[in-house]
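The values are calculated or read from the model by the stated rules, or taken from the named source; none is laboratory data. Predicted, not measured: the structure shown is a model, and the values here were computed from it. No Cβ is skipped: glycine too gets one built from the backbone with ideal geometry, and neighbour counts run over all protein chains shown. Just so you know, the surface numbers come from the protein's heavy atoms only, side chains and all, with ligands and any DNA or RNA stripped out. Shrake-Rupley method; radii C 1.70, N 1.55, O 1.52, S 1.80 Å.
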Amino acid sequence: MDSPWDELTLAFSRTSMFPFFDIAHYLVSVMALKRQPGAAAMAWKNPLSSWFTAMLHCFGGGILSCVLLAEPPLRFLANNTNILLASSIWYIIFFCPCDLVSQGYSFLPVQLLAAGMKEVTRTWKIVGGVTHANSYYKNGWIVMIAIGWARGAGGSIITNFEQLVKGGWKPEADEWLKMSYTAKVTLLGSVIFTFQHTKHLAVSRHNLMFLYTMFLVATKITMMITENGTVPFASFEDTVSRMLFGWQQQFSSCEKKSETKSSFNGTGSSTSKPIADASDTVKKKHTKKTE
């Protein structure tokens with residue numbers, strides 16, 4: 001007989017993302033788009049371009065994973081229900097009278113609830129990406145990690161490409177050059193679920209999904225409440241970086257210390273020589289006087 005913990009985690013892993021969790025994901029994604037400078041004016045001026053950009057924000061991870069697996073990148077359009085749902089969210093956010101949806105979303109409890117539900121969908125996307133990649137490449141670790149990462153956090157990379165096309169791309173904000181917390185924690189989750197899928201991690205999938213999702217939700221809500229944009233495990237990341245990639249700096253510092261010591265020794269020996277010579281001359285003069 002299963003324990004209450006196993007029953008809880010198993011029921012959680014079988015939770016359907018449609019429609020409530022998907023609505024939260026679309027709501028957070030489209031609101032992030034609307035907060036960009038000029039996005040609201042673009043929606044009124046060119047609704048088709050605004051709608052397509054919103055679909056990239058909502059389905060960017062699926063599009064990137066399809067590109068990496070040489071699948072049709074427009075396959076997301078085949079799911080008519082999700083497209084209609086995301087389009088409805090886009091329409092009421094940009095064109096609702098008196099901007100009621102944005103005003104309602106401005107309350108912190110609403111943002112916390114929507115952000116937490118979005119993080120739940122991230123876990124499902126990572127697991128789906130790892131499983132889907134394994135169907136193409138059996139035990140292909142790198143491919144499984146890449147597809148899980150792309151499915152969970154590929155939306156930001158796709159939107160960077162969209163900004164590049166529009167001419168508003170900024171190199172310092174690129175995910176490849178400066179990874180955000182979302183990209184880092186998604187990569188970590190993709191590695192963990194890949195190890196679990198290949199039987200190298202002795203943890204059941206439903207337990208791992210529950211624990212990882214709780215970690216995502218807790219850290220996201222904490223960052224939003226405290227308004228702290230730093231990565232929660234930045235200290236651990238810095239320690240690992242020093243251990244793995246800081247050897248050259250340690251060697252260079254040791255070489256500098258040895259050079260400074262040798263220079264001090266050299267100056268000491270050079271100064272001691274004239275002192276010894278002076279003492280010899282004094283002794284010679286003293287012997288001459290006595291003679």
Only residues that are within 16 Å of the chain's Cα centre (by Cα) and surrounded by 20 or more Cβ atoms within 10 Å (Cβ to Cβ): list them for region 206-215, please.
-> Y212, T213
Residue check, L48 under 30 Å from I225 (Cβ atoms) and either basic (K, R) or out of contact with any Phe, Trp or Tyr (no Cβ under 9 Å at 6 or more places or on another chain) (or both) = no
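Residues are listed down the side, and each one gets a yes or a no for (1) touching a Gly at 6+ places or on another chain (Cβ under 6 Å); (2) surrounded by fewer than 20 Cβ atoms within 10 Å (Cβ to Cβ); (3) among the polar types (S, T, N, Q):
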residue: F59; (1), (2), (3): no, no, no
residue: E71; (1), (2), (3): no, yes, no
residue: G104; (1), (2), (3): no, yes, no
residue: F107; (1), (2), (3): no, yes, no
residue: Q111; (1), (2), (3): no, yes, yes
So, first residue touching a residue at least 12 places away in the same chain (Cβ under 8 Å) in region 108-122, second residue open to solvent by 40 Å² or more (accessible area, probe 1.4 Å) and of a type in the set (F, W, Y), Cβ within less than 8 Å, six or more apart or across chains; the pairs are M117/F20; M117/F21; K118/F21; V120/F21; T121/F21
Give me a count of the residues in region 45-100 that are within 23 Å of V143 (Cα to Cα) and hydroxyl-bearing (S, T, Y).
-> 1
Report the residue count in region 18-44 for those that are among the aliphatic types (A, V, I, L, M) and on the phi > 0 side of the Ramachandran plot.
-> 0
Within region 123-139, track down each residue that is touching a residue at least 24 places away in the same chain (Cβ under 8 Å) and part of a loop (DSSP other than H, G, I, E, B).
-> N139
Those residues of region 76-106 which are among the aromatic types (F, W, Y) and at pLDDT below 95, in sequence order = F76
Can you confirm whether region 140-156 contains a residue that is free of Cβ contacts under 8 Å to residues at least 12 places away in the same chain, assigned to a helix (DSSP H, G or I) and closer than 22 Å to L216 by Cα?
-> no
Are any of the residues in region 27-39 at pLDDT 95 or above, under 28 Å from A146 (Cβ atoms), of a type in the set (V, I, T) and in a helix (DSSP H, G or I)?
-> yes
Please go through region 1-20 and pick out each residue that is hydrophobic (A, V, I, L, M, F, W, C) and outside any loop (DSSP other than H, G, I, E, B).
-> W5, L8, L10, A11, F12, F20
Hey, any hits in region 36-51 for a residue that's in contact (Cβ under 8 Å) with a residue 60 or more places away in the chain and surrounded by 14 or more Cβ atoms within 10 Å (Cβ to Cβ)?
-> no
Quick check: anything in region 205-214 under 21 Å from P109 (Cα atoms) and either free of Cβ contacts under 8 Å to residues at least 12 places away in the same chain or in a helix (DSSP H, G or I) (or both)?
-> yes
Taking region 1-18 and keeping only residues that are open to solvent by less than 70 Å² (accessible area, probe 1.4 Å) and more than 26 Å from the chain's Cα centre (by Cα), one is left with S3, D6, L10, A11
